[in-house]
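The values are calculated or read from the model by the stated rules, or taken from the named source; none is laboratory data. Quick caveat: nothing in here was measured; it's all calculated off a predicted structure. With ideal geometry, Cβ positions are generated from the backbone for all residues, glycine too; neighbour counts draw on all protein chains shown.
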C-alpha cells in the first residue's frame, strides 16, 4: 500500500511476507538505511515491536510486525547494511534480545551530535530543527501503535522520525570533519553494534539487586543464581522481572536457603502459583549457589572509598568537567564516575597505566590522560579565574619545575 501524496517521497506499508522480501532485496542494494522503531514496553521483558520505519534514498517503508510475524529476514538484511538512526540503542536492544543479530555498521546521529557541541541527549526534534531548519510534528508521541490501520497523522509521525536521517548524517559528518573529530565519533559507534552492549553479564546480575552490599560472598553466590533464574524465567515468559520475584523476596530466599518447595511458604510474598511454577527451580538455584567453589564466588561490592579518596574523585571530576567544557564535549562522555573511582582505588603510577586502568579510547587518552596525570602527580593545579568579574572559569595550570620540587620536598 502506498501513500503517494505524503510529503516528498512515497511511503510503502510492508505487511506481507512478499513485500518484506522485496524490502530486504532493496536493503541489500543500498549503501545506507535509516532506521527507527515504535514499541510498547508495558508488562513485558522484551519490548513489543509495533512498527519498523526504514528510510531509503527514494522513500520510506513502514514494516508492520503485527502483520508480518517473522522479521528474521529483515534483521538479517539489516545485519549487512550500514544503518543510520537517532539514539539507536533502544531500537537495537530489541533486535539483540529477540534475534541476537545487529547491523554491522552504525551511525548514530545523537552520538555524533555530542562531538559537535549538542550535548549527549539532544532530541531528534531539536537536532532536525537546528541542522535542517524543519520542525517535526510530534502529535503522536504517546500514540497506541498496536491499532490498525494507521491514521494519516500516525503515518506522518512515523515518516518524520526517519526522513531527515540521511541529511542529518551528512551535515554532522561535515561538522565533525571541520573540527577534526571524525575519528572520535567513529570510535564510539562500534559499541552499538556489539551484542555484549545489550546483554547482562550473568556473573554480575547480583549487583543489580538491592541489599547485596550486606551479604557475604556465599550469600552473593546464591543471590546471583537466583538472579539468573529470574532473568531466564522473565525472558521465557516475556514478563518484567518484578513480576517474577521482587528484590526483597530474593534477599529473603538467600537468608532462608530453602531445601524444599514446602519451605517456600515461609515467605508470605511467594504465592501458591509461584511455588507451583517456579518452586523446584528456586530450590535448584539455591543449591547451586551453596555448592559453588570458593574461588568461583562473586566478589563483594567495593568498600566505600573513604573521605580522602572520595575527595580525590571529586577533584578529578572537576578537572574532567573543565576539560569537557574546554573541548565542548559532554562531561559524561569523557569519563564516568566509575572510572574515576577506579583510578582513586588503584593509583596507577604512569600516564600509560592510568589510561589502561580505565581502558580509554584514543580520543579520550588524547584529551584526558596528560592533564589528569599532571594533576595527580602534583605537576599542575586547578584554578578558578574570573569569579570577581562574574565570568568564572575553571582552568588547570602547570606549575614551574622549581615549585614542583619544593612541593615534593
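So, in the range 206-222, how many residues would count as being assigned to a helix (DSSP H, G or I) and either surrounded by fewer than 21 Cβ atoms within 10 Å (Cβ to Cβ) or in contact with a strand residue (DSSP E or B) (Cβ under 7 Å, 6 or more places away or on another chain) (or both)? Working first, answer last.
Of the range 206-222, the ones assigned to a helix (DSSP H, G or I) are 206-208, 212-214, 217-222.
Narrowing further to those that are either surrounded by fewer than 21 Cβ atoms within 10 Å (Cβ to Cβ) or in contact with a strand residue (DSSP E or B) (Cβ under 7 Å, 6 or more places away or on another chain) (or both): 207-208, 213-214, 217-218.
Final tally of qualifying residues: 6.
Results for (1) part of a loop (DSSP other than H, G, I, E, B); (2) in contact (Cβ under 8 Å) with a residue 40 or more places away in the chain; (3) under 27 Å from residue 237 (Cβ atoms); (4) assigned by TED's automatic domain parsing to the domain that holds residue 124, shown as yes or no for each residue.
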residue	(1), (2), (3), (4)
35	no, yes, no, yes
38	no, yes, yes, yes
44	yes, yes, yes, yes
51	no, yes, yes, yes
54	no, yes, no, yes
62	no, yes, no, yes
66	yes, yes, yes, yes
69	yes, no, yes, yes
75	no, no, yes, yes
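Of everything in the range 355-366 that's in contact with a helix residue (DSSP H, G or I) (Cβ under 6 Å, 6 or more places away or on another chain) and assigned to a helix (DSSP H, G or I), which residue is farthest from residue 118 (Cα to Cα)? Outline the logic, then answer.
Restricting attention to the range 355-366, the residues satisfying the condition of being in contact with a helix residue (DSSP H, G or I) (Cβ under 6 Å, 6 or more places away or on another chain) are 355, 357-358, 361, 363, 365.
Right, trim to assigned to a helix (DSSP H, G or I) and you get 355, 357, 363, 365.
On the way: 355: 26, 357: 29, 363: 18, 365: 22 Å.
Across the range 355-366, the extreme among qualifying residues is 357.
Evaluate the following for residue 97: is it assigned by TED's automatic domain parsing to the domain that holds residue 16, at pLDDT below 95 and in a helix (DSSP H, G or I)?
On the way: assigned by TED's automatic domain parsing to the domain that holds residue 16: yes; at pLDDT below 95: yes; in a helix (DSSP H, G or I): yes.
Yes; evaluated as a whole, the condition is true for this residue.
Do you know which of the residues in the range 275-306 that are over 20 Å from residue 229 (Cα atoms) and modelled with pLDDT of 95 or more is nearest to the chain's Cα centre (by Cα)? Only one residue tops the list, namely 295. Just to be sure, is residue 161 without any contact (Cβ under 8 Å) to a residue 40 or more places away in the chain, within 25 Å of the chain's Cα centre (by Cα) and more than 30 Å from residue 267 (Cβ to Cβ)? Considered against the rule, which asks whether it is without any contact (Cβ under 8 Å) to a residue 40 or more places away in the chain, within 25 Å of the chain's Cα centre (by Cα) and more than 30 Å from residue 267 (Cβ to Cβ), residue 161 comes out as no. Of the residues making up the range 318-332, those that are buried (at least 17 other Cβ atoms within 10 Å of the Cβ) and in a helix (DSSP H, G or I) are 319, 320, 322, 323, 324, 327.
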